[in-house]
Amino acid sequence: MKATCLSLLLATFIATASAAQPDPAKTRAYIDKAWSTLTRSQDECKSLVDPKIKTRPVMYIPAQFTAPKDLLQAQKRCNIDVHTLPRSIEQLGDVDAHALPVQGLLYLPHPYVVPGGFFNEMYGWDSYFILLGLVADHRIELARNMVDNALFEVQYYGGVLNANRTYYLSRSQPPFLTQMMVSVLNDPTAFHSADEKRAWLEAAYPLAVRNHDIWVRPEHLAGNTGLARYYDFGSGPVLEAQTSEYYRGVIKWLLAHPNDNPGYLLKAPEHPDAAETERLKTASCDTQASKVCAGNWLGGFRLTADYYHGDRAMRESGFDTNFHYGPFGGSTHHYADVSLNSLLYRYELDLHDFAQQLGKAADAERWAQAAAARKQAMDKYLWRPEFGMYRDYDFVAGKPSDSPYLTTFYPLWAGAASVQQAASVRGKLSIFELAGGLAMDNKPSGAQWDAPFGWAPTNWLAVAGLDKYGFHDDAHRIAAKFNATIDRGIAEDGTIREKYNMASGNADVKISAGYTANVIGFGWTNGVYLMMEELLSGTKAKAAVAQ
């Protein structure tokens with residue numbers, strides 16, 4: 001009897017141990033299934049719900065657009081309201097979402113992949129990394145649909161949006177549109193013929209140019225540096241915030257850390273009178289127009305208008321929330337950012353290539369000059385030889401950031417670094433590299449975009465940049481670490497997450513400042529895992545040789 005029990009216990013132990021062993025095949029199976037579970041189409045009821053706002057679903061269509069038949073059918077079947085935007089949109093900020101009767105989803109014509117969890121819409125920079133995975137997984141029709149949706153956003157909503165919700169009509173996200181186009185154009189199965197491919201590029205090119213225009217508007221200029229900054233065209237608390245909980249948390253932290261407060265707090269009453277209410281409209285936010293603004297008070301203080309601009313810019317950057325650009329990212333709009341300007345440099349080179357392919361010689365020359373000017377400005381303001389790396393530049397204070405950030409590798413991905421600069425940046429890997437991959441920095445703050453946490457997009461851009469400059473051993477080592485972290489997460493709880501703990505090499509992420517959830521899904525992690533897998537297997541190198 002004892003022998004039987006012992007055998008059963010041993011068998012159970014072996015089975016449990018086996019189940020907990022990381023297995024890339026299980027990760028791959030998860031990703032295969034996830035593409036379907038994360039795909040949304042706006043004729044499906046599940047795609048129309050906004051988990052972040054507890055109201056009846058609303059769909060908005062462009063002012064110059066006729067609602068398609070499938071949407072009208074979904075209106076009845078899914079019990080949603082369909083509204084038309086009040087005017088045509090030429091650029092971001094043309095429609096003030098505050099003035100809309102209710103917030104809702106913005107119509108997109110094609111199916112798309114969402115990140116996961118409560119993110120039930122198509123996001124700007126997430127979509128690039130998702131698309132990389134779709135192309136690697138030979139799901140090219142869905143990949144092309146996502147690019148076409150992004151182009152639709154430019155045409156009808158003024159630019160590639162943070163996501164297709166009305167409360168995002170005032171901001172974009174990191175500009176990956178041309179690289180999304182490149183990924184589709186480079187796939188031999190994406191188009192039926194060379195003529196179709198050229199016709200598609202001819203239609204897409206002016207929209208890609210229009211999306212670039214966002215980043216050279218005066219509001220997006222980083223002073224007189226010739227570089228760009230992140231900037232949201234709205235003001236006050238973001239509309240997707242349904243309560244004051246997040247912003248009161250910011251005030252609470254600043255009151256507890258007075259020496260780290262850059263000036264984000266404003267002495268003000270909880271219940272302002274008429275004169276004070278009027279003052280707060282410019283000094284802080286409109287307490288009459290926004291219940292969230294009205295509730296953003298603690299211990300005799302409110303947040304400044306400049307903090308709200310920084311908070312909105314941080315969300316456009318995608319790095320929400322971090323302490324690299326000030327506590328809770330509240331000074332993001334003060335920086336000429338390494339990540340943004342690297343992406344724009346690559347974007348301008350892509351536009352040059354598109355113009356050449358279309359026989360637009362003057363355009364091609366203009367984009368070559370724009371890229372060269374941006375690189376020159378990056379070398380002047382962002383390259384810091386005393387640190388041997390790129391640093392974000394605070395153009396308001398006139399000085400570089402006092403701390404490193406993983407975005408120092410973006411210029412390598414973009415091809416903006418010299419051989420010497422790339423080698424120097426590579427020499428700083430020890431600042432970021434941990435057991436599970438690359439952390440965002442070496443300064444833990446409790447926020448999710450700081451150490452010891454690491455993310456799929458920044459790990460991929462760093463790895464791809466290192467590989468591009470010939471540091472193949474480093475690229476392979478980090479790719480292996482990152483994918484092993486994902487495999488461990490699958491083994492531990494059967495999920496792929498939004499972010500990971502690079503120190504422990506798993507999904508054990510405990511956040512104490514800002515957003516605390518580690519969302520299950522997860523679109524960009526799926527895509528990056530497949531790209532790392534390709535790099536490790538040599539698939540990309542083999543494909544290049546075959547061509």
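A compact table of results
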| item | result |
| --- | --- |
| Segment 485-502-segment 246-284 distance, computed between alpha-carbon centres (Å) | 39 |
| Pairwise label distance in nanometres, Glu270 with Val82, each label 7 Å out on the Cα-Cβ vector | 4.7 |
| Whole-Hz couplings from phi, Karplus 6.51/-1.76/1.60, listed for segment 516-524; x for Gly and Pro | 9, 6, 10, 5, 8, x, 10, x, 6 |
| Pairs of lysines in segment 344-485 (C-alpha under 24 Å apart; 8 or more residues apart or interchain) | 14 |
| Probe 1.4 Å, all protein chains present, accessible-area order of Ile31, Ile431, largest first | Ile431, Ile31 |
| Estimated distance in nm for a label pair at Gln242 and Ala289, the labels positioned 7 Å out from Cα along Cα-to-Cβ | 2.3 |
| Accessible-area value, Glu196, 1.4 Å probe, nucleic acids and ligands omitted, Å² | 50 |
| Accessible surface of Lys252 - all protein chains present, 1.4 Å probe, nearest 10 Å² | 140 |
| Reach of Lys33 by Cα under 20 Å, taken over lysines that are not fewer than 8 positions away in the same chain | Lys46, Lys499 |
| Length released on extending from Asp508 to Arg366, taking residue separation times 0.36 nm less the Cα-Cα span | 46.3 nm |
| Heavy atoms of Leu239 accessible to a 1.4 Å probe, total area in Å² rounded to 10 | 40 |
| Distant-in-sequence amide H partners of Arg384 (H built 1.01 Å from N, under 5 Å) | Met389, Tyr390, Arg391 |
| Difference of contour (0.36 nm per residue) and Cα-Cα distance, Glu219 to Glu196 | 4.5 nm |
| Three semi-axes of the equivalent ellipsoid, segment 413-524, Cα gyration tensor, whole Å, largest first | 25, 15, 11 |
| The chain - percent of accessible surface contributed by carbon and sulfur, probe 1.4 Å | 55 |
| Hz values of 3J(HN,Hα) by residue in segment 250-262 - Karplus curve (6.51, -1.76, 1.60), Gly and Pro given as x | 5, 4, 4, 5, 5, 5, 7, 10, x, 6, 9, 8, x |
| Relative contact order [Cα under 8 Å, 6+ residues apart], the chain, whole percent | 14 |
| Cα centroid of segment 503-541 to Cα centroid of segment 309-328, whole Å | 21 |
| Fully extended contour minus Cα-Cα distance, from Gln356 to His472, at 0.36 nm per residue | 38.7 nm |
| Amide proton proximity set for Asn506, modelled H, under 5 Å, gap of 5+ | Asn501 |
| Listed residues Trp383, Trp449 arranged by accessible area, highest first, probe 1.4 Å | Trp383, Trp449 |
| Spatially proximal aspartates and glutamates relative to Lys76 (Cα-Cα < 12 Å; intrachain offsets below 8 disregarded) | Asp43, Glu44 |
| Amide hydrogen neighbours beyond the local backbone of Ala268, cut-off 5 Å, H modeled | Phe301, Arg302 |
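The values are calculated or read from the model by the stated rules, or taken from the named source; none is laboratory data. These figures come from a predicted structure and were not determined experimentally. No Cβ is skipped: glycine too gets one built from the backbone with ideal geometry, and neighbour counts run over all protein chains shown. Protein only, heavy atoms only, side chains kept; ligands, DNA and RNA dropped before computing areas. Shrake-Rupley method; radii C 1.70, N 1.55, O 1.52, S 1.80 Å.
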